[in-house]
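Heads up, the thing below is written out as structure tokens.
The values are calculated or read from the model by the stated rules, or taken from the named source; none is laboratory data. These figures come from a predicted structure and were not determined experimentally. Virtual Cβ from ideal backbone geometry, glycine too; neighbours counted across all protein chains shown. The area values use the complete protein model at the heavy-atom level, side chains included, leaving out ligands, DNA and RNA. Shrake-Rupley method; radii C 1.70, N 1.55, O 1.52, S 1.80 Å.
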Amino acid sequence: MEQHRFTPEQLKLVLTSQGAVSAQEFDTYAQEAKERNLDLCQYLESRKIISEVQLYRLAADYFHVPFIDLKGRTIRKDILLLIPEPIAQTHRVVAFEQTDRELKIAALNPRDLEIFEFLGKKTGRTVIVHLTTPGAISEVLKSYHKGLQAEFGPMAGPADGSTQTVSDQELKELAQDLPVIRIVDTLIEYAIYEGASDIHIEPAEKEVSVRYRIDGILRNVMTLPKAVHAGVIARIKILSDLKLDEHRLPQDGRFKISTPEYKVSFRVSIIPMFDGEKVVLRLLNEKAQLLTLEQLGLQSGPLEILKRNIAKPHGMILVTGPTGSGKTTTLYTVLGILNTPEVNICTIEDPIEYRMPRVNQSQVNPKIGYTFAAGLRSFLRQDPNIIMVGEIRDTETAEIAVHAAMTGHLVLSTLHTNDAVTTLPRLAKMGVPSFLIGSTTNVIVAQRLVRKICPKCIYSYTLDKKGIQELEKAVDLKSLIKVLEREKIITPGKQTVESLLFYRGKGCRECNQEGYKGRLGIYEVLEITPTLQTLIIKNANADQLQEAAIGQQMLTMLEDGFIKAKNGITTVEEILRVTQE
């Protein structure tokens with residue numbers, strides 16, 4: 001179903017100001033569409049109140065832009081390709097005419113100014129925006145596919161999509177082919193523009209789908225003909241210096257792209273699947289500015305705890321959470337504070353994600369026996385003050401890290417645990433004596449990343465009875481209210497769950513109709529106090545440690561999340577999504 005790009009408010013203004021319907025009639029139709037769970041534009045079309053073309057002609061008059069009906073119009077291939085397919089697909093914009101100075105484009109949203117500006121810069125022409133219909137855009141978008149199919153005809157191989165043995169030389173030639181280079185460049189450039197963290201290129205039986213992970217969520221970006229798959233994979237292998245003729249074993253590589261605007265390094269992982277090789281590219285922006293602890297989203301209490309423990313000359317600072325929860329960013333932020341000329345900082349990472357001046361960064365290479373443990377052991381002969389270990393994965397690394405912390409070094413590292421408290425039993429399971437865990441661990445930070453509400457379409461609401469019942473199944477609302485009162489987020493004794501204002505995003509062009517834009521951390525910061533030290537030495541279980549942590553007023557991730565939801569930074573749904581996994 002083609003998505004219309006008008007909000008109900010815009011639609012009402014368009015139709016009433018142009019005299020197509022009265023305000024009262026519009027409200028009746030809107031209510032009927034809602035009851036039938038139908039898109040309002042499509043409901044109006046099905047009732048023959050207005051056709052798609054009539055609606056968009058009226059909208060063009062309302063927005064003071066020209067209307068263009070692209071149905072049946074042939075667009076030259078070189079003009080169509082001025083806008084790369086991922087941009088055309090996501091923003092529903094296509095180029096249909098050009099002169100030396102101007103580029104005429106058809107769009108569904110004449111207010112999508114950011115993308116028009118981007119296209120103007122990219123093509124070096126003045127962009128003239130026309131409004132067209134969703135149906136016409138869909139038709140034109142099919143032309144991209146037809147064009148690619150035609151271009152790759154000679155190298156398409158068997159019609160049934162089965163793979164063929166292709167020589168190393170043929171693959172090299174395929175990777176140098178202009179359409180292949182253009183596809184890969186477009187995928188990379190647009191992923192950087194959209195702020196994607198990963199690109200997934202996934203082969204199926206008859207096509208190849210491309211998805212981007214943006215703000216932690218995977219989104220479909222485009223579908224390519226199966227014929228291009230071998231060329232795209234070969235191009236990425238050449239960029240990453242990988243073996244072109246190896247199709248049966250996984251391969252890992254990396255490459256960099258530098259322009260005056262950005263410097264991005266890509267980690268490449270290629271794995272053989274049933275329908276061909278799947279590629280995942282992880283994007284790491286080397287020009288990314290180091291954040292401050294405040295910008296990470298820590299509340300004032302946990303922030304003070306972390307600052308106090310960073311200032312200690314030795315011990316362990318541990319950051320925990322699942323893959324992609326922002327642990328590395330937190331560690332680098334702490335390193336940025338500690339990075340002064342008076343100290344020697346060594347890091348061993350897998351891989352090095354950000355380059356830092358004055359920091360001695362080393363990358364593991366298990367193939368030659370250079371593991372976290374081996375690197376850590378060597379670092380101790382390098383006269384370090386501060387050591388960062390990318391991850392504590394095994395007993396040997398855990399033991400060396402604990403001994404380094406005990407002998408006067410500040411050790412920073414990450415672990416994969418679900419919350420702060422379970423990190424302590426995890427270390428004990430790795431064989432580290434409990435008295436050493438208690439005496440060397442300074443602070444543990446557990447975290448997740450939540451999407452932030454788009455500031456352009458935020459609105460507030462209160463929970464209804466059904467919403468409250470659903471929430472009660474997942475969380476203890478009474479204790480949450482007490483925490484919100486204790487943290488001075490709400491006035492004690494004045495507010496009930498029913499009266500609490502929460503926030504959501506409606507979805508707009510700024511956030512691609514998602515209601516979210518950007519991400520922020522939610523945290524729990526556990527300080528190892530003498531009380532907790534005693535419990536650790538007694539081998540207390542996770543429940544006893546959690547009880548003691550809450551007794552010393554540790555904010556849990558859920559509580560931190562609800563504070564941010566109450567403050568209009570994120571949504572209740574988002575907090576539950578990441579904490580109830």
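Is one or more of the residues making up the range 488-497 of a type outside the set (A, V, I, L, M) and within 31 Å of the chain's Cα centre (by Cα)?
No.
Return the residue satisfying two criteria in turn: it lies in the range 124-140 and is open to solvent by 30 Å² or more (accessible area, probe 1.4 Å) and in a helix (DSSP H, G or I), and of such residues it is nearest to Thr74 (Cα to Cα). Break it down stepwise before answering.
Applying the first criterion (open to solvent by 30 Å² or more (accessible area, probe 1.4 Å)) to the range 124-140 yields 124-128, 138-139.
Next, only the ones that are in a helix (DSSP H, G or I) stay: 138-139.
Values: Ser138: 14, Glu139: 11 Å.
If we take residues in the range 124-140 being open to solvent by 30 Å² or more (accessible area, probe 1.4 Å) and in a helix (DSSP H, G or I), then Glu139 is nearest to Thr74 (Cα to Cα).
When the criteria are applied in full, Thr534 meets the requirement of being part of a helix (DSSP H, G or I) and of a type in the set (Val, Ile, Thr). Among the conditions (1) modelled with pLDDT of 90 or more; (2) open to solvent by 50 Å² or more (accessible area, probe 1.4 Å); (3) within 21 Å of Lys466 (Cα to Cα); (4) in a helix (DSSP H, G or I), the only one that Tyr503 does not satisfy is (4). Checking each residue in the range 397-428 for being over 28 Å from Gln382 (Cα atoms) and of a type in the set (S, T, N, Q) picks out Thr417, Asn418, Thr422, Thr423.
Being part of a helix (DSSP H, G or I), out of contact with any strand residue (DSSP E or B) (no Cβ under 9 Å at 6 or more places or on another chain), open to solvent by 10 Å² or more (accessible area, probe 1.4 Å) and closer than 23 Å to Lys327 by Cβ is a property that does not hold for Leu558. The set of residues in the range 258-272 that are within 20 Å of the chain's Cα centre (by Cα), closer than 13 Å to Asn285 by Cα and not polar (S, T, N, Q) comprises Tyr262, Lys263, Val264, Phe266, Arg267. Filtered by the rule that a residue be among the small types (Gly, Ala, Ser) and modelled with pLDDT under 85, the range 56-87 gives a lone residue, Gly72. On the stretch given as the range 216-239, residues that are of a type in the set (D, E, K, R) and at pLDDT 90 or above total 2. The residue pairs whose first member lies in the range 304-317 and is farther than 11 Å from Val525 by Cβ, whose second member is assigned to a loop (DSSP other than H, G, I, E, B), and whose beta carbons are closer than 8 Å, counting only pairs six or more residues apart or on different chains, are Pro313/Asn385; Pro313/Gly408; His314/Thr407; His314/Gly408; His314/His409. Scanning the range 184-217 for residues that are in contact with a strand residue (DSSP E or B) (Cβ under 7 Å, 6 or more places away or on another chain) and assigned to a helix (DSSP H, G or I) gives Leu187, Ile188, Ala191, Ile192, Glu194. Looking at the range 48-117, the helices (runs of 4 or more DSSP H) lying wholly inside it that each contain 3 or more residues that are open to solvent by 20 Å² or more (accessible area, probe 1.4 Å) and at negative phi sit at 52-63, 85-91.
What about Gly153, is it under 25 Å from Val221 (Cβ atoms), modelled with pLDDT under 70, buried (at least 18 other Cβ atoms within 10 Å of the Cβ) and not hydroxyl-bearing (Ser, Thr, Tyr)?
Values: under 25 Å from Val221 (Cβ atoms): yes; modelled with pLDDT under 70: yes; buried (at least 18 other Cβ atoms within 10 Å of the Cβ): no; not hydroxyl-bearing (Ser, Thr, Tyr): yes.
So Gly153 fails the test.
Residue by residue through the range 398-414, note down the ones that are more than 18 Å from Gly438 (Cβ to Cβ) and either in contact with an Asp or Glu (Cβ under 7 Å, 6 or more places away or on another chain) or surrounded by fewer than 21 Cβ atoms within 10 Å (Cβ to Cβ) (or both). If the condition is that a residue be more than 18 Å from Gly438 (Cβ to Cβ) and either in contact with an Asp or Glu (Cβ under 7 Å, 6 or more places away or on another chain) or surrounded by fewer than 21 Cβ atoms within 10 Å (Cβ to Cβ) (or both), then Thr414 is the only one that fits.
Can you tell me which residues in the range 16-47 are of a type in the set (D, E, K, R), within 38 Å of the chain's Cα centre (by Cα) and not in a helix (DSSP H, G or I)? Explain how you work it out, then say what you get.
Step one: list which residues in the range 16-47 are of a type in the set (D, E, K, R), which gives 25, 27, 32, 34-36, 39, 45, 47.
Filter once more, so that each one left must be within 38 Å of the chain's Cα centre (by Cα): 27, 32, 34-36, 39, 45.
Result: Arg36, Asp39.
Restricting attention to strands (runs of 3 or more DSSP E) lying wholly within the range 218-296, give those where 3 or more residues are open to solvent by 60 Å² or more (accessible area, probe 1.4 Å). Quick ask: steps written out before the conclusion?
Values: elements: 251-258, 263-273, 276-285.
So the answer is 251-258, 263-273.
So is Phe6 modelled with pLDDT under 85, hydrophobic (A, V, I, L, M, F, W, C) and open to solvent by less than 40 Å² (accessible area, probe 1.4 Å) or not?
Numbers: modelled with pLDDT under 85: yes; hydrophobic (A, V, I, L, M, F, W, C): yes; open to solvent by less than 40 Å² (accessible area, probe 1.4 Å): yes.
Yes: the conditions hold for Phe6.
Taking the range 205-217 as the range and being open to solvent by 10 Å² or more (accessible area, probe 1.4 Å), over 20 Å from the mean Cα position of the chain (by Cα) and under 29 Å from Ser325 (Cα atoms) as the test, no residue passes. Looking only at the range 422-466, count how many residues are open to solvent by 20 Å² or more (accessible area, probe 1.4 Å) and part of a helix (DSSP H, G or I). Total meeting the criteria: 9. Of Ile489, Ile522, Ile575, all but one fail to be part of a helix (DSSP H, G or I) and under 18 Å from Gly297 (Cα atoms); the exception is Ile575. Take Gln552 and tell me if it is free of Cβ contacts under 8 Å to residues at least 40 places away in the same chain and either among the acidic types (Asp, Glu) or open to solvent by 10 Å² or more (accessible area, probe 1.4 Å) (or both). So Gln552 fits the description; yes.
Put simply, of Tyr516, Tyr461 the only residue that is closer than 30 Å to Glu194 by Cβ, modelled with pLDDT of 90 or more and more than 26 Å from the chain's Cα centre (by Cα) is Tyr461.
Within the range 308-335, take every residue that is among the β-branched types (Val, Ile, Thr) and within 20 Å of the chain's Cα centre (by Cα) and give me the one that is most open to solvent (accessible area, probe 1.4 Å).
Step one: list which residues in the range 308-335 are among the β-branched types (Val, Ile, Thr), which gives 310, 317, 319-320, 323, 328-330, 333-334.
Those left that are additionally within 20 Å of the chain's Cα centre (by Cα): 319-320, 323, 328-330, 333.
Details: Val319: 3, Thr320: 1, Thr323: 107, Thr328: 41, Thr329: 46, Thr330: 4, Thr333: 4 Å².
Among residues in the range 308-335 that are among the β-branched types (Val, Ile, Thr) and within 20 Å of the chain's Cα centre (by Cα), the one most open to solvent (accessible area, probe 1.4 Å) is Thr323.
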